[in-house]
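Structure first, then comments.
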Amino acid sequence: MSRIRLWWMYWRLTGIILLVVIAALAANSYVSNGGFERALVPEMAKKAATVGVSVRALMLKAVDQKIAFHELYGVEQTFEEARTDNRDFGYMAATDTQGTILYQQGKAPEGAEAYFRRPDTLARLESTHVTGEFTRVGSQFIVSLPIIAPDHALGLLHIGIDVGFVDRIVQEMWFDVLVILVVALFFTFELLNFIAGSRLEAGLKSLNSVLERGGRGDFTLTPTRASDQAFGGVRLLLENAMARINAGILALTKDVEAAQREPAHERKERMSTITTSLEDLRKRFKFGQVATESSANSRLAGVRAPLFGFLLAEELTRSFLPAYVKSLMVPIPGLSPQIVVGLPIVLFMLIVALGQPHFGAFSERIGHRRTMIYGAGIAAVGFVATALAFNVFDLLLWRSVCALGYALVFVSAQGLILTYTTAETRAHGFALFVGAFMVATVCGPSIGGILADNIGERATFMISAVLALASILAIRLLPEDAQRDPNKKAVVVPRLFEVRALLFNSRFMTLTGLAAVPAKILLTGVCFYLVPLYVVSMGTTPAMAGRILMTYAVVMVLMSPLASSLANNRENREWLVAAGLCLSGIGGLLMLVDGSVPWVFAAVLMIGFGQSLSITAQSALVSDHCKEEMAHMGDQTVYGVYRLVERLGNAAGPLIASGLVIGLGYQKSFIVMGAMVMTCGIAFTLIVRAGRRSALATSIATATAE
């Protein structure tokens, strides 16, 4: 049985579990939402009746002052205030005892006048009892309350609840259900990976090792570790069979040796043939030796769980952070409010960008596991302090603390992956790293937006702090750092002259300046800054912003593996980067069509599609474009400068976006940033093609000269 077949069994089992979980959640959501829909309108009608009682009391108070009911002043203004405070109210009216409208505010539903004069409606004047009964009239649910003075009835107060508002609430609930289903899918997968993934991987590897050794005639016995118990029963059967073979060979060997010690004239016939056959058997097969197996894979799988938990803590804040900053705004001389809103994001990205080279060396020195614990603890303190922030000044300080913790965890997790992998397994290791990051990006913004809507931004920051602390418990399960290999190159911080040389290198800057930096500017400027603010400014909620950002992450998760499989040579990578930049730019240009929420969804969807194509290929192109520089400066230096410049693009995105918002507004800012990235994609394509033609012409000229 091959390792691929074993893994196929594991994935089928995982798929079945995920399907069961999703089916259960879907059924529960359908039943719950059905009950919610049935209870929603009656509850809103009760609220309308409660508001109506207050409005009616004001009208009766005026009548008590000897003002005629049909001559009351300011009734429409009172209705308008009530509708402003209650967005679900589409219409309010007061009628006399005959159903004639005396006062009204808002748009009356079709058939309202006929309803007001209906006998069953006027019959409500006979009772002072207030209920939450409602009647569907046109596009509204009407709640009617009697207005009765001590000595006689005055009329009826009618409050209309907009059916469209109710439908929007139900739609929002279904959106939330869909979001929770998607998040539950990814959460379940991560939970399976955390609880059983590393054990199953170790068990599969161990079982596969036994099968492979037996298939090639190696019957040596290996000690069973605790991590191998996932398939312990099957392995035990195989090991018992191998033990019987070893015991038989040992018994045969002893019999042959005993027979050889007998006098020559007493030896059995054909003894030499038996001895030769036994020696031949030993040459063809292995017996009795003890083999050891590496557990690096299981340790590597163990890194993903704490990394996912910590990244999720930060991603929870993504959809509502700009709005939270806006709520803490205080005037800062010389800075517009739009720039101030972007400052915490800029500062966070800047600290991560500039700190990572230094934190990498720090992590190597004190140990990756310990650095992860320090980083998660520092970030937890930052989240708590952010939740308690008084204004934007101390918020900047606390977000800097979060950035410090984030950078420490990020670089130490990368260090652990480098420690637990070889050159052959490094791609698999970083796939785990990127997978944890992308799943956190799928789950975090959407759930964070829902939490912010329901419990508030400050409480959601507290939940982020709890998640960061919980990740420490998972980090502590990781094994202690092994002693550093003295032959391994230490992490070095790029020197200033190396940075300067690369910044003035045309090949390096073609890739970095025209591809990596624009992609990051678009990501942070549009997704982290413009989308949360613009969506909320249109009257929607942070939950909607979270759903939109989740779309970006889901597209990245689904498309990145496909893009990786296509990026198998330099030419393909260059086309992928160019196409990705142009598609990302088209995402911003879609706002030319319309600025509504569906088009924001479409824009972010297109940006995610484009980024999934380009980002995967960019890193590989560094080695393609800068072979000479890597030979001279070393891989670490070139990639270090590349990552530094790329992350500076992260920091620049919100600043550029905020500057555009000041002069152009939100919608045009999307368009300008999209056009900028698309222009960079076209320029990258032209320069790369020109370089390819030049290289081809040079090679032809050289071949001709020879």
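The table below lists the values:
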read-out: From the options ILE671, ILE656, residue that is touching a residue at least 24 places away in the same chain (Cβ under 8 Å), within 26 Å of the chain's Cα centre (by Cα) and within 14 Å of THR524 (Cβ to Cβ); value: ILE656
read-out: Condition met for GLU37 (farther than 22 Å from THR95 by Cα and at pLDDT 70 or above); value: no
read-out: PHE141 part of a helix (DSSP H, G or I) and either among the basic types (Lys, Arg) or under 22 Å from THR84 (Cα atoms) (or both); value: no
read-out: Entirely in the range 38-127, the helices (runs of 4 or more DSSP H) that have 1 or more residues that are farther than 30 Å from ARG168 by Cβ; value: 112-117, 119-122
read-out: Single residue of PRO518, PRO542, PRO532 found to be in contact (Cβ under 8 Å) with a residue 60 or more places away in the chain and under 13 Å from LEU581 (Cα atoms); value: PRO518
read-out: Of all residues in the range 473-491 being at pLDDT below 75 and within 31 Å of the chain's Cα centre (by Cα), the one that is nearest to PHE308 (Cα to Cα); value: PRO479
read-out: Scan of the range 340-368 for residues that are over 15 Å from LEU418 (Cα atoms) and of a type in the set (Gly, Ala, Ser), ordered by number; value: GLY342, ALA353, GLY355
read-out: Criterion violated by LEU467 - all others in (1) at pLDDT below 85; (2) under 15 Å from the mean Cα position of the chain (by Cα); (3) not charged (D, E, K, R) satisfied; value: (1)
read-out: Qualifying positions in the range 512-547 - at pLDDT below 85, surrounded by 23 or more Cβ atoms within 10 Å (Cβ to Cβ) and out of contact with any Lys or Arg (no Cβ under 9 Å at 6 or more places or on another chain); value: PRO542, ALA543, MET544, ARG547
read-out: Residue within the range 397-411 that is surrounded by fewer than 22 Cβ atoms within 10 Å (Cβ to Cβ) and closer than 15 Å to SER327 by Cα present; value: no
read-out: Qualifying residue in the range 581-588 (condition: of a type in the set (Val, Ile, Thr) and surrounded by 24 or more Cβ atoms within 10 Å (Cβ to Cβ)); value: no
read-out: Meets criteria (crowded, with 18+ Cβ neighbours inside 10 Å and over 30 Å from VAL442 (Cβ atoms)) for LEU102; value: no
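Let's see how each residue does on (1) of a type in the set (Ser, Thr, Tyr); (2) surrounded by 15 or more Cβ atoms within 10 Å (Cβ to Cβ); (3) touching a Ser or Thr at 6+ places or on another chain (Cβ under 7 Å):
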{"site": "GLY106", "(1), (2), (3)": "no, yes, no"}
{"site": "ALA114", "(1), (2), (3)": "no, no, no"}
{"site": "VAL137", "(1), (2), (3)": "no, yes, no"}
{"site": "ILE142", "(1), (2), (3)": "no, yes, yes"}
{"site": "ILE148", "(1), (2), (3)": "no, yes, yes"}
{"site": "HIS152", "(1), (2), (3)": "no, no, no"}
{"site": "VAL166", "(1), (2), (3)": "no, yes, no"}
{"site": "GLN171", "(1), (2), (3)": "no, no, no"}
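The values are calculated or read from the model by the stated rules, or taken from the named source; none is laboratory data. Since we're looking at a predicted model, the values are computed, not measured. Note: ideal-geometry Cβ built from the backbone for every residue, glycine included; neighbour counts use all protein chains shown.
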